[in-house]
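A.B. asks: Questions regarding the structure given below will be posed in turn.
The values are calculated or read from the model by the stated rules, or taken from the named source; none is laboratory data. Note that the structure is a prediction, hence the values are computed from the model and not measured. Here the Cβ is made from the backbone with ideal geometry for all residues, glycine too, and neighbour counts use every protein chain on show. These accessible areas exclude ligands, DNA and RNA; they are computed on the full protein's heavy atoms, side chains included. Shrake-Rupley method; radii C 1.70, N 1.55, O 1.52, S 1.80 Å.
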Amino acid sequence: MSDYAAFLEAKTQGGADSGFAPVWMPDFLFDFQADMMDWAVRKGRAAIFADCGLGKTPMGLVWASNVARKTGRPVLYLTPLAVATQTAREASKFGIDAVVSRDGQTVGRHIVITNYERLHYFSPGDFSGVVCDESSILKSFAGQRKKEITEFMRKVPYRLLQTATAAPNDYIELGTSSEALGYMGHMDMLNRFFKNDLNNSAQGRMRGEVIKWRLKGHAEEPFWRWVCSWARAIRRPSDLGYDDARFQLPPLNEVEHLVEVDTLADGFLFATPAIGLKEQREERRRSVEERCEMIAQIVNKTGEPALV
């Protein structure tokens, strides 16, 4: 019986480790970040779904630096538009060797940062690893761009995806992530673990109904076990057993201010409540100057930095 259980376990499509023990674990990482990095480097091809503010950029840079140090070859760090220079500044702050490239030149640096839109200038054979920052962009790209990114990653041995925590029922994102990492393909995942609720009759197809996928009754636990074999999701450090104290924000204070507006709608002698979306939009346009003036007064009174 134990031999048969082991046989079934071998058929679960779990992501096997293809990485190595970390060769560099800097002190600036928080305890939970170091834990995630140790797992991701050993995994070799992994996804980190971490909520906003948990330090995905330093984690991605540390992962890339480990791969570059281990292999002696550069790692490509892909980012959305306008994020490349910000990532380079983060690397400089932490003393990590990285440079932004727009034309495919690696210039002998450990980490080469570029935008997804510049990927066609680079060759996968020049890199030992690739990091996809904000990797949820894979599911929203047109088919050709998503295919380009996935094909590029398939030719690179070490791969890391990082983005905010995926919605628990966002199966498309999980499927495209798995495919980019070289595990189960998107459609293979759907066929293995899911069934669609679309009426497969000719009438359903003619109506153009959108296919809705749901987990098969017996497949929920095996599906999430499979996801956990190549991905880690975290919304707060306590999800991994660490202290949340350093990541707790102060309470949010909301103060409402009433703006008195002297202008009236065309054809009216008195101000009347805005009813309906059209009237609300017109009211906003008429009151924009008064609202801006009030905001300026409030900000100027504080004498402190403010975001408007």
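A.B. asks: Express in whole angstrom the spacing between the alpha-carbon centres of segment 94-112 and segment 217-273.
C.D. replies: Segment 94-112 and segment 217-273 have Cα centres spaced 35 Å from each other.
A.B. asks: Suppose the chain between Ala306 and Met187 were pulled fully straight at 0.36 nm per residue; how much longer would it get relative to their current alpha carbon spacing?
C.D. replies: Extra length from Ala306 to Met187 when fully extended: 38.1 nm.
A.B. asks: On to the next question. For Cα extents along the principal axes in Å, several values are listed as (i) 71, 41, 27; (ii) 100, 37, 29; (iii) 85, 60, 43; flag the one computed from this structure.
C.D. replies: Of the labelled values, this structure produces (iii).
A.B. asks: Mean separation of Cα pairs under 8 Å and 6+ residues apart, divided by the residue count of the chain: what relative contact order is that in percent?
C.D. replies: 17
A.B. asks: Rounded to the nearest 0.05, what FRET efficiency do Ala21 and Gln144 have when you use their Cβ-Cβ distance and R0 = 41 Å?
C.D. replies: 0.60
A.B. asks: Can you give the helix-only mean residue ellipticity at 222 nm for the chain, where every DSSP H stretch with n ≥ 4 adds -39500 (n - 2.57) and the sum goes over all residues, rounded to the nearest 500 deg cm²/dmol?
C.D. replies: -12500 deg cm²/dmol
A.B. asks: Mind checking the per residue accessible area of segment 38-175 for me, 1.4 Å probe, whole number of Å²? Before the final figure, lay out each step's value.
C.D. replies: Values: 5440 Å² over 138 residues.
Counting only protein heavy atoms, the per-residue value for segment 38-175 is 39 Å².
A.B. asks: Ignoring ligands, DNA and RNA, what percent of the accessible area of the chain is carbon or sulfur (1.4 Å)?
C.D. replies: Whole-percent figure for carbon plus sulfur exposure: 52.
A.B. asks: Work out, step by step, the length gained on full extension between Asp243 and Phe268: first 0.36 nm times the residue separation, then minus their alpha carbon distance; give nm to one decimal.
C.D. replies: 3.0 nm
A.B. asks: Computed FRET efficiency, Cβ-Cβ of Asp3 and Arg154, R0 41 Å: what is it to the nearest 0.05?
C.D. replies: Details: r = 34 Å, r/R0 = 0.83.
The calculated FRET efficiency here is 0.75.
A.B. asks: Just name one of Pro237, Ala180, Ala98: the one whose Cα is farthest towards the positive end of the charge dipole of the chain (beta-carbon charges, Lys/Arg +1, Asp/Glu -1).
C.D. replies: Working it through, the farthest residue towards the positive pole turns out to be Ala180.
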